[in-house]
Amino acid sequence: MSEFLTISNTNELVRFVAGNIVYIASDGNYSDIFTCDEEKRTVTIQLGMIEEIMTMQLEKENNFMRIGKSLIVNLLYVSYINPAKRKIILSDNRTFKFNLEASNDALKKLKDYFDKKIKQK
């Protein structure tokens with residue numbers, strides 16, 4: 001059974017299969033959640049609160065990392081990082097591909113995270 005991320009506020013309740021979320025981008029008091037079927041859902045909740053909800057709700061499938069001020073990515077879909085070009089590609093290498101920009105520092109930290117993982121093996 002898949003884990004779900006459930007976001008609820010006074011107006012709505014939205015439920016996602018956690019593994020289907022590719023990334024979440026903030027837009028002020030709103031957050032846009034992008035899924036692997038290339039659907040975008042906007043929720044009226046700040047990214048920091050979503051990060052807290054993920055920590056509380058996701059135990060087994062918490063493959064998410066906040067990079068920078070405005071982006072949470074699913075680490076399972078990171079396929080390319082280039083800090084110098086400020087570019088990250090999130091893809092399953094078959095059906096979808098998201099080209100995003102992020103700060104140089106945020107992408108350096110993400111690249112360092114993966115470099116450490118490689119060295120541990």
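Quick note: the coordinates plus some simple rules give every number you see, no bench work behind them. What you see is a predicted model; the values in this text were computed from it and never measured. Ideal geometry is used to build each Cβ from the backbone, glycine not excepted, and the neighbour counts take in all protein chains shown.
Numbers for the structure displayed
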item: Counted charge near Leu71, where neighbours are those whose Cβ lies closer than 15 Å (Asp, Glu -1; Lys, Arg +1); result: +3
item: Coordinate range along principal axes, alpha carbons of the chain, Å, largest first; result: 43, 33, 27
item: Stretchable slack from Ser103 to Leu13, in nm (0.36 nm times residue separation minus alpha-carbon distance); result: 29.3 nm
item: Point-to-point label distance, Asp92-Asp27, nm (Cα→Cβ direction, 7 Å offset); result: 2.4 nm
item: The stretch 4-120: Lys pairs at Cα distance under 17 angstrom, eight or more positions apart or on different chains; result: 18
item: Under 13 Å, Cβ to Cβ, from Asp27 - net charge with Lys/Arg +1 and Asp/Glu -1; result: +2
item: Positive minus negative residues near Ile50 (Lys, Arg vs Asp, Glu; Cβ under 11 Å); result: -2
item: Protection proxy ranking, peptides 104-111, 92-99, 18-25, 78-85, average beta carbon neighbours within 10 Å, highest first; result: 18-25, 104-111, 78-85, 92-99
item: For a label point 7 Å along the Cα-to-beta-carbon line of Met56, residues of the stretch 13-33 with backbone N under 19 Å; result: 13-18, 30-31
item: Relative contact order (percent, whole number), the chain, Cα cutoff 8 Å, 6+ residue spacing; result: 17 percent
